[in-house]
Amino acid sequence: MAVRAVILAAGAGTRMKSDLPKVLHTVAGRPMISWVLKAVRAMEPDQIVVVVGANGDQVRPFLGDDTDVVVQEQQLGTGHATGLALGAIPSDGGDAILVAPGDVPLLVPSTLKELIGLHRRTGSAVSVLTAEVDDPAGYGRIQRDGWDRVVGIVEHVDASASQRQIREINGGVYVFDSGLLAEALPKVEPNNVQGEYYLTDVIEILGAEGHPLHALKTAPSETAGVNSLAQLARVGALMRTRLNEALMATGVSMQDPGRVYLDADVRIEPGAMLLPDVYLRGGTSVAAGATVGPDVTAEDSVIGPGAHVWYSVLRGAEVGEGVEVGPYASLRPGTVLRKGSKVGTFVETKKSTVGEGAKVPHLSYIGDAQVGRDANIGAGTITCNYDGIAKHETIIGDRAFIGSDTMLVAPVTIGDDAVTGAGSTITKDVQPGALALERSVQKEIPDYAARRRRRES
Ligand code: UD1
Ligand code: CA
């Protein structure tokens, strides 16, 4: 028995009130459709068909080349969409057709496996995934007979007041016998409040014909669908709980996991500590012994072992072992902070390397620069890297001491062990070991205050 999967993703998603196709809204940094595809791929199905709608061109790049794409021009309902998908599936009969909506990102492979297992074991015509939820509003309700057998599904909008009391909902995930599905779909009629061809009607049709139907009840958190931005936020929170609990189980500490926002591809080693209001995005990684937060946003950045990063923003930055970053540092792309270095309060860096043990503690801009090992950059130092036309490099040697408020007008090189006097504007290279001073002579007018008072009285 081949397993073929159909993912329904053509809906306009009008309830999202957004121009972005619904299935591209992200949960933990990944479009919803990618989550569903991931769960479905884990089943190693013989075929995956994705039904996309009018905005399908936006969705296609996220589908991978192992999927067949079918376009549903008009959203006439889930039954209609499934019928179109069947057009792309060989009609050998006897296959299991797994149908899943593109808006249930919390679906997990083990549940899909169980559903397919149930279907095989029982020789069901349809096996449907259900859940008992506290707030069933918006979902289709599972109808059972006096023997607790599934007999149909009624949509929320079509349900009577008493049917709306039912708390067992349709998760929108089913396994169908391919032959029976193909027979039943043409019998579905759009006589409901929405005037749509409901896939859910197939259940009642096949049941009434005497075919066996089965349901698998799973955890409500797996079937949560996203039809609105409020539901997207709720599902995001559930995913956060799932990802963060999995990480804590490996030995990652989180003081307040509800306030740690991680993209699914972020890697964190056991022994790392994440404090509240940390957002780690894209391919960011955090090594053992590092403490990140509070208040850190890091995108595609590497945080090394034992590093301490707080109240800061990192984009495309590499933070080495034992490095200290923040508070209030902005590390822009191309920043590399070598072992034991420090980038402190109100410092911005870009396309620059700070050498081992070097310190940029306060109020600096370091751009297009190489800072040597154990160099010290005084408060307020700025690399003037841009002349209005092009960017230029600043090279600072090992153990160099840059006095506070030095302007380093690039291109310029400061030799190893060289020193610049506070307040200097350095436009020429400084030789290793030399002191460069660029200041006017300090004048002093004695008794100035008293003389001024006399003048003004
Ligand atoms: C659907 C089910 C409901 C179930 C819920 C679970 C039907 C009639 N209702 O309701 O019983 O509780 O899912 O989340 O099936 N789609 C298409 N083409 C269409 C219409 C929809 O591809 O013409 C796709 C959507 O993009 C979506 C999925 O099918 O991914 C489900 O459609 P949606 O409109 O979200 O259905 P619900 O009202 O949530
Ligand atoms: Ca839905």
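The values are calculated or read from the model by the stated rules, or taken from the named source; none is laboratory data. The structure presented is a predicted model; accordingly, all values stated were derived computationally and were not measured. Note: ideal-geometry Cβ built from the backbone for every residue, glycine included; neighbour counts use all protein chains shown. For accessibility, only protein heavy atoms count, side chains too; no ligands or nucleic acids. Shrake-Rupley method; radii C 1.70, N 1.55, O 1.52, S 1.80 Å.
The figures follow:
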quantity: Rg and Dmax [Cα atoms of the range 236-276; Å; Rg one decimal, Dmax integer]; calculated: 9.0, 25
quantity: Sites D46 and D134, calculated FRET efficiency, Cβ-Cβ separation with R0 41 Å, nearest 0.05; calculated: 0.65
quantity: Alpha-carbon Debye profile of the range 328-457, log10 I(q)/I(0) at 0.13, 0.15, 0.17 Å⁻¹; calculated: -0.52, -0.63, -0.77
quantity: Mean Cα-pair separation over length for the range 148-257, i.e. relative contact order, pairs under 8 Å, 6 or more apart, %; calculated: 27
quantity: Convex hull projection area averaged over all views, the range 1-67, Cα basis, nm²; calculated: 4.8
quantity: Computed over the range 225-319, Cα set: Rg, Dmax in Å; calculated: 13.0, 42
quantity: Overall Cα dimensions of the chain - principal axes, largest extent first, Å; calculated: 107, 56, 43
quantity: As computed over the range 407-457, the Cα convex hull volume per residue (Å³); calculated: 97
quantity: Residues in the range 397-428 reached by a label modelled at D387 [backbone nitrogen below 15 Å; 7 Å Cα→Cβ]; calculated: 408-413, 426-428
quantity: Heavy atoms of D201 accessible to a 1.4 Å probe, total area in Å² rounded to 10; calculated: 40
quantity: Ranked order, E438, E245 - accessible area, probe 1.4 Å, largest first; calculated: E245, E438
quantity: Amide H within-cut-off set for G306, under 5 Å, with H built and near neighbours excluded; calculated: G289, A290, G322
quantity: Whole-number Å³ per residue for the convex hull built on Cα positions in the range 1-143; calculated: 131
quantity: Spherically averaged projected area of the range 336-385 from its Cα convex hull (nm²); calculated: 2.7
quantity: Per residue, in Å², the accessible surface of the chain once ligands and nucleic acids are set aside, probe 1.4 Å; calculated: 46
quantity: Cα-based helix-to-principal-axis angle, 109-122 vs the chain, degrees rounded to 10; calculated: 10
quantity: Spin-label proximity, A422 to the range 383-405 - amide N less than 17 Å from point 7 Å beyond Cα toward beta carbon; calculated: 401-405
